[in-house]
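Before any comments, here is the structure.
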Amino acid sequence: MHHSRIANSVRPVRPQDLLVCLGLLRREGEPPTYPALATALGISASEAHAAVRRATIAGLLDSSRRVRKAALLEFLVHGVKYVFPPEDRKSTR
């Protein structure tokens, strides 16, 4: 069983989605284009687009790519630890 593939298909939010939400939160006025957002965050335009899509599905962004601040704050305070639990890093010899 490929755990990571299953986890990625089930989990609607990925770590880079939070980066994109926080990047959009910093901007004033109209949301930037995907290439401009990607350049500002050091990711590809396709990654920026996919992150915006997932964050919108999760309710962190509205359909105009504006951050839903209350939803993002709630997710950061209460949800992140459940969606991104710490990995068990056992040392091996």
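For the reader, a short list of remarks on this structure follows.
- Scan region 23-47 for residues that are within 25 Å of residue 85 (Cβ to Cβ) and without any contact (Cβ under 8 Å) to a residue 40 or more places away in the chain and the total you get is 4.
- Residues in region 61-93 that are surrounded by 15 or more Cβ atoms within 10 Å (Cβ to Cβ) and among the charged types (D, E, K, R): 65, 68.
Quick note: the coordinates plus some simple rules give every number you see, no bench work behind them. These figures come from a predicted structure and were not determined experimentally. Glycine also receives a Cβ, built like all others from the backbone with ideal geometry; neighbour counts cover every protein chain displayed.
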